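Asker: This is the structure I have questions about; it appears just below.
The values are calculated or read from the model by the stated rules, or taken from the named source; none is laboratory data. What you see is a predicted model, and the numbers here were worked out from it, not measured in a lab. Cβ: placed from backbone, ideal geometry, glycine included. Neighbour counts: every protein chain shown.
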Amino acid sequence: MKNWKKCCLIQSTSVFDAIKNLEETGLQIILVVNKKKEFIGTLTDGDIRAGILNGLDLKKSISKIVIKNPVIAKSNSTYEDALDSMDAHGINHIPIVKNKKILGIYFRNKNLIKEPMKNFILIMAGGKGKRLMPLTKYLPKPLLKYKNKTLIDLQLNKIINEGFKNVFLSLNYLEEKIINKIEKNKKYNLNIRYII
């Protein structure tokens with residue numbers, strides 16, 4: 001986990017200094033606290049941009065644009081729980097808070113695994129998807145979309161987020177379409193092998 005304490009700023013901090021903090025930390029979020037170091041809310045670069053577009057002076061304090069009821073994780077939340085919340089709310093960070101004290105922060109795609117896990121993941125993606133006919137007549141089930149992403153994209157992204165690198169993909173029905181889709185997409189930093 002990155003050093004999240006660098007992104008903690010007191011609510012009287014100026015907007016200009018908050019922008020500098022975002023630039024220096026690269027964390028894309030500020031955790032705003034009061035003088036007692038109690039958590040007040042969050043601030044992202046998007047919140048600051050919106051404030052500036054609404055005429056906010058860079059010398060004013062960030063207290064005027066703090067999001068005071070952000071999504072937070074409880075101290076017993078897992079990274080998986082945090083990812084689900086991030087997906088549900090369309091955000092990339094969730095502070096971990098207990099009794100107004102910040103315990104840490106979860107980042108999307110930044111779980112606590114430092115080295116890639118060497119275990120192999122097996123994805124069974126060879127079925128004909130008969131229960132989904134006629135949707136799967138010409139398109140294999142892994143290429144059907146959910147929330148604008150294919151099912152295979154969702155699976156591979158989850159594997160990456162969990163820190164794995166090695167994937168076996170078991171294919172059969174319309175396998176060439178799945179292979180073509182994966183091979184054209186250069187974003188996957190995975191070692192993918194196909195079992196036909």
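Asker: Scan ASN54, ASN69, ASN21 and give me the residue that is at negative phi and in contact with a helix residue (DSSP H, G or I) (Cβ under 7 Å, 6 or more places away or on another chain).
Answerer: ASN21
Asker: What's the total number of residues in the stretch 44-62 that are surrounded by 14 or more Cβ atoms within 10 Å (Cβ to Cβ), of a type outside the set (D, E, K, R), out of contact with any Gly (no Cβ under 9 Å at 6 or more places or on another chain) and within 30 Å of SER75 (Cβ to Cβ)?
Answerer: Residues that pass the stated criteria total 3.
One line per residue, one yes/no per condition, for (1) of a type outside the set (Gly, Ala, Ser); (2) exposed (fewer than 15 other Cβ atoms within 10 Å of the Cβ); (3) part of a loop (DSSP other than H, G, I, E, B):
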{"site": "THR136", "(1), (2), (3)": "yes, no, yes"}
{"site": "ILE160", "(1), (2), (3)": "yes, no, no"}
{"site": "LEU169", "(1), (2), (3)": "yes, no, no"}
{"site": "GLU176", "(1), (2), (3)": "yes, yes, no"}
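Asker: Does the stretch 41-61 include one or more residues that are outside the structural domain of ILE159 (by TED's automatic domain parsing), in contact (Cβ under 8 Å) with a residue 12 or more places away in the chain, within 17 Å of the chain's Cα centre (by Cα) and outside any strand (DSSP E or B)?
Answerer: Looking for residues that are outside the structural domain of ILE159 (by TED's automatic domain parsing), in contact (Cβ under 8 Å) with a residue 12 or more places away in the chain, within 17 Å of the chain's Cα centre (by Cα) and outside any strand (DSSP E or B), one finds at least one in the stretch 41-61, hence yes.
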